[in-house]
Amino acid sequence: MMKQKMMNRREFFEKTAGAVAAVSALGSATDVFAVPPSNRVNLGIIGPGSRGQALMRAFLRVPGVRFAGVCDVYEPRFAQAHKITGEDTPTYKDYRQLLEAKDIDAIVVATPLSFHEEHVIASLESGRHVYGEKDMAKTVASCDTVYRAVKRTGKQYQLGTQYHYAPWFVEALRQIRAGKLGQITQIYAYWHRNNDWRRPVPNPGDQALERLINWRMYREYSGGLLAELGTHQILFALEVFGAMPVSVIGNGNIAYWKDGREVPDNVQVVYSFSAGPTLFFSSTTTNHFEGMKICVYGTGGTAVLTEAGGTLYYEPARPNSAVPKELVVEHGVVTGASFRAELPYTGPGDAIKVPEDQAGNADFLACRSFIDCVRNNRHPEADELSAWNSGVMVALGNQAIETGERIIFAQHATLPG
Amino acid sequence: MGTLFTIYLYAADSRQADADFGMAFDEIDRLDASLSNYRPNSELSRINRSAFREAVTTDPEVFEFLRRSFDYARRTDGAFDITVGPLMRAWGFFRGSGHYPSADELRQARASVGWQKVLLDDAARTVRFQVQGVELDPGGIGKGYAVDQAVSKLRESGVESALVDAGSSTIYALGAPPGKDGWPVQVPRPQDRKQSIATVLLRDNALSTSGNYEKFFKLDGRLYCHIMDPRTGAPVQGVLQTTVIVPQATDSDALSTATFVMGPGKSIKLLESFPQASGLWILGQLNAEQRVTWHWPVVIPGAKEAGGFRGSRSQAIHQSKHPSKSKPGGDSHP
């Protein structure tokens, strides 16, 4: 007989700052995304799992979008997908059958990382635009082949990374590029959480099902925390630094969740860029204190970005005079130096303000942007180059974690010509 | 939603329990991110920002949630109304403990409150506000919806025994603890919520309680609570607490508010349209309360059954203060 345990757990719904913006702006710009019913965009999705379902909901908030096909190897996903679409959307167990359907304009790929290469390339070659969940692919070689396929087919490819479209990230980047924080020398990025990162399996004894549902735990399919969480922050660092790193060192191990998983439950990587700056990324599944946070450190200030918003903090003015204005006498010696405790800054900052007409949920904004790219054959912001850059950084970061060696980018990756 | 959620469950081992907890709380987080009016990036906030300017397309789940919410408004003649937010703000309950509004504040708030001011287009799946200033506040139903969806996930995962609690005001009992007939749930006493007025055994049922003590202020000897009657634009008076038991938490959450506003007399017809519904009202004042029940599963000392209850709420209060003058609940029975 199985042991039964009584457990309880509590969680808060966080109240985030800011009341509901209740008043609509009369006479403001019309919605450029509004379309007549005849201009529908029909999507197909490969992999409507947890992330795929979130994307489906976000896409269905864009006027004129419907799902014309759903593909998964795990049949219970079909009923879940139907609940989301609210209709009897055609289902397929083989993605090749989905791609043979005639009424589909674009494909959303949200399968496990190791399948991205196969599914994205097949979708592109079927003549469809692709919204490909991050990362682009699992290895450097796979990123190369996907990148070449995008160029070869001429179809639009948007990397599934919502923070690229989050208004407060966009505004922070604008202010950083305008020099508000001086010269950026380091980015410290965290994605810390306190849970086992595991999803329940209806039949826990079924190992095949376990690997299917908890694919993120297994190296055959997954790039671990660096791929699933770090990519967002890596993409932002790429935008800030405007270049690829020259090397990476890494560490990762299973410190707590010794439950059969193969990927580390905590990782730390440090990317070095040629001009001098550094990106440090840390992720753990055993402590939530830092949460999801990006700290951009510049000579003039700091930007702290989270999932909900961002704040800018400015460095105190530094004495520039060679002769101190106030001399201090210590032990009879006249000196211009004085001791200042290096306490962490705890004062207020300037919240990053996003214009109301640009506010919105990052997933929705990313999906809406992709639909606009499909309708107008427009090139996405998070394009194949961003995808290749971040995909390669993740792949080589994981290589550094696994080997314990400093990985030199020039020796392992070159953007395909 | 600004609510503390608590889940109790029985599982084969801690690993399975952790996975089930994680899945259920992920579902609650997902719904909070979609339906919270505290989160500026939620889908509901997007609708609130834009739906006067243009018809806003939303996904089937959010649309169905709104349709269900407005169905309650229709069935209660507006006693339950998720557009009540501006009134809450005018009375100072949105982020404070309340104040008496000026006539101008009240007039402005009432101009933008009313479920008929929102158009839902089923075919286009769009939401449109007919007047400026309308805002959707899921406070009276969102917790229950989140509980139902979390329970649905637990069921899918094979959990047979769990209690999902949203802020202790909405509770769903999935199955029963092993060897037991149900989950014991206490209904608090309005005077002292650490004490209970009744303990009921819940099994595959939801219970919700609304009380005037959650947020209130006193002025000139009168107590003004945070539960608004959207039709009058003022806080409900003379009701201390309502508790409703029905099979779904979405319904119990909405019904506990609706029956608080409507009082027992007018609530019965509404409750009759739900299978296995029961209700408990505590009316009057703290030191002179009247208890009214309808199909309540256990005996409540001093309670009157509302089967033939036709009196208005003010009559009920009067009866409570002067019990010798008339028979509560039976005075206008046809």
Fill in the blank from the handout: Taking region B:170-179 and the residues there that are more than 9 Å from every other protein chain (Cβ to nearest Cβ) and farther than 19 Å from B:R68 by Cβ, the one that is surrounded by the most Cβ atoms within 10 Å (Cβ to Cβ) would be B:A173
Problem - Filter result (of a type in the set (D, E, K, R) and more than 7 Å from chain A (Cβ to nearest Cβ)) within region B:29-56 - result: B:D29, B:R30
Practice task
Those residues that are modelled with pLDDT under 95, of a type in the set (G, A, S) and assigned to a loop (DSSP other than H, G, I, E, B), I need them from region A:355-402; list them, please.
Solution key: A:A359, A:G360
Problem - Exclusive hit being closer than 17 Å to B:I300 by Cα, touching a residue at least 12 places away in the same chain (Cβ under 8 Å) and not in a loop (DSSP other than H, G, I, E, B), set B:T242, B:T259 - result: B:T242
Handout entry: Pairs with Cβ under 6 Å, 6+ apart, first in region A:178-204 and over 16 Å from A:P264 (Cα atoms) and within 14 Å of chain B (Cβ to nearest Cβ), second hydrophobic (A, V, I, L, M, F, W, C) and surrounded by 15 or more Cβ atoms within 10 Å (Cβ to Cβ)
Key = A:R199/A:I213; A:P200/B:A19; A:P200/B:M23; A:V201/A:I213
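For a quick check of your reading: which helices (runs of 4 or more DSSP H) sit entirely within region A:65-163 and have at least 1 residues that are within 22 Å of A:D372 (Cβ to Cβ)? Can you show your working first?
Working: elements: A:76-85, A:95-100, A:116-125, A:140-153.
Qualifying helices (runs of 4 or more DSSP H): A:76-85, A:116-125, A:140-153.
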Handout entry: Single residue of B:F65, B:F93 found to be assigned to a helix (DSSP H, G or I), more than 7 Å from chain A (Cβ to nearest Cβ) and either within 26 Å of B:Q237 (Cα to Cα) or in contact (Cβ under 8 Å) with a residue 40 or more places away in the chain (or both)
Key = B:F65
Completion exercise
Of the candidates B:S210, B:S196, the one satisfying the condition of being crowded, with 21+ Cβ neighbours inside 10 Å, closer than 24 Å to B:S278 by Cα and of a type in the set (S, T, N, Q) is B:S210
Problem - Candidates B:D26, B:D59, filtered to the one that is within 11 Å of chain A (Cβ to nearest Cβ) and surrounded by 19 or more Cβ atoms within 10 Å (Cβ to Cβ) - result: B:D59
Problem - Sole residue being at pLDDT 95 or above and more than 9 Å from chain A (Cβ to nearest Cβ), chosen from B:D104, B:D71 - result: B:D71
Handout entry: Of all residues in region A:89-119 being of a type in the set (A, V, I, L, M) and within 18 Å of the chain's Cα centre (by Cα), the one that is farthest from A:P48 (Cα to Cα)
Key = A:L113
Fill in the blank from the handout: Checking B:V147, B:V164 in turn, the sole residue that is assigned to a strand (DSSP E or B) and in contact with a helix residue (DSSP H, G or I) (Cβ under 9 Å, 6 or more places away or on another chain) turns out to be B:V164
Fill in the blank from the handout: Of the residues in region B:1-58, those that are assigned to a loop (DSSP other than H, G, I, E, B) and touching a residue at least 40 places away in the same chain (Cβ under 8 Å) number 9
Fill in the blank from the handout: Going through (1) touching an Asp or Glu at 6+ places or on another chain (Cβ under 6 Å); (2) over 23 Å from B:L255 (Cα atoms) one by one, B:F217 fails only at (1)
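The values are calculated or read from the model by the stated rules, or taken from the named source; none is laboratory data. Please read these numbers as outputs of a predicted model, since none were measured by experiment. A quick note on method: Cβ atoms are made from the backbone with ideal geometry, for glycine too, and the neighbour counts reach across all protein chains shown.
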